[in-house]
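The values are calculated or read from the model by the stated rules, or taken from the named source; none is laboratory data. Predicted model only: the values in this text are computed from it and were never measured. For neighbour counting, all protein chains shown are included, and Cβ atoms are generated from backbone atoms with ideal geometry for every residue, glycine included.
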Amino acid sequence: MLGDNTTEHRLRLLQAEFTQFERRGPGDGRTATRTESPAPVNLGVLDYLTAATTEVVEHTRAAAPDAQPFAGPLPDLYEWSRQATADLDTGRQQARETLIYRQGLEHALEMGDSTVIRKHPCPGCGCWGLMWRPAVQRAACPNRYCIDDDGLSRTWELKTLAHHHIAEQLALKASAT
């Protein structure tokens, strides 16, 4: 799966590689005596994975209350959601795909890959090269003419980028058939 950038692949990487406890160097050699050992996993990533899983399960349950409970391995979560909601109308399927795509962007950002944001055009002006601003958790437009009422660069939430991306994909798919 070399070069695979799907949401499932990112989730698998997060679970396999980024939950491992990050060992820090000895520092300056002076540390307090530990009374308990540290957690063997990165609890921040584990909490993130739990929140992402819960969001998908709750969204799927709201759309399809009679869906089977999710019991598979974590990377199969999105396929389970797609199968459980396959018979919904186009608008609700678009909402599901938007959620999955947004989580894919979040997974990449959680792993430190902010280049996924640059691959999206600005929803306001259409220029490319959005930049991720971690302090505000939003993508900012680099175009100096794309500003808000306060004269600041316009910024976009991940859900807005995901919505525009999925809507464009569906429009291309509809026009191709």
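Below, the figures for the structure above:
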quantity: Flag for Asp113 being free of Cβ contacts under 8 Å to residues at least 12 places away in the same chain, of a type outside the set (Gly, Ala, Ser) and over 19 Å from His9 (Cβ atoms); calculated: no
quantity: Which listed residue, of Ala167, Ala139, Ala162, is closer than 18 Å to Gln94 by Cα, under 19 Å from the mean Cα position of the chain (by Cα), buried (at least 18 other Cβ atoms within 10 Å of the Cβ) and of a type in the set (Gly, Ala, Ser); calculated: Ala162
quantity: Test: residue in the range 95-109 that is part of a loop (DSSP other than H, G, I, E, B), farther than 22 Å from Gln15 by Cα and either among the basic types (Lys, Arg) or modelled with pLDDT of 90 or more (or both); calculated: no
quantity: Residue match in the range 117-127 (condition: closer than 18 Å to His9 by Cβ, free of Cβ contacts under 8 Å to residues at least 12 places away in the same chain and surrounded by fewer than 18 Cβ atoms within 10 Å (Cβ to Cβ)); calculated: yes
quantity: Within the range 47-69, considering residues that are within 20 Å of Thr6 (Cα to Cα) and of a type in the set (A, V, I, L, M, F, W, C), the one modelled with the lowest pLDDT; calculated: Leu49
quantity: Residue in the range 66-78 that is farther than 25 Å from Ala16 by Cα, surrounded by 12 or more Cβ atoms within 10 Å (Cβ to Cβ), without any contact (Cβ under 8 Å) to a residue 60 or more places away in the chain and more than 14 Å from the chain's Cα centre (by Cα) present; calculated: yes
quantity: Tally, over the range 113-152, of residues that are hydroxyl-bearing (Ser, Thr, Tyr), within 23 Å of Thr7 (Cβ to Cβ) and either assigned to a loop (DSSP other than H, G, I, E, B) or in contact with a Phe, Trp or Tyr (Cβ under 6 Å, 6 or more places away or on another chain) (or both); calculated: 1
quantity: Flag for Tyr48 being more than 23 Å from His164 (Cα to Cα) and of a type in the set (Phe, Trp, Tyr); calculated: yes
quantity: Residue tally, condition modelled with pLDDT under 90 and not in a helix (DSSP H, G or I), over the range 153-177; calculated: 1
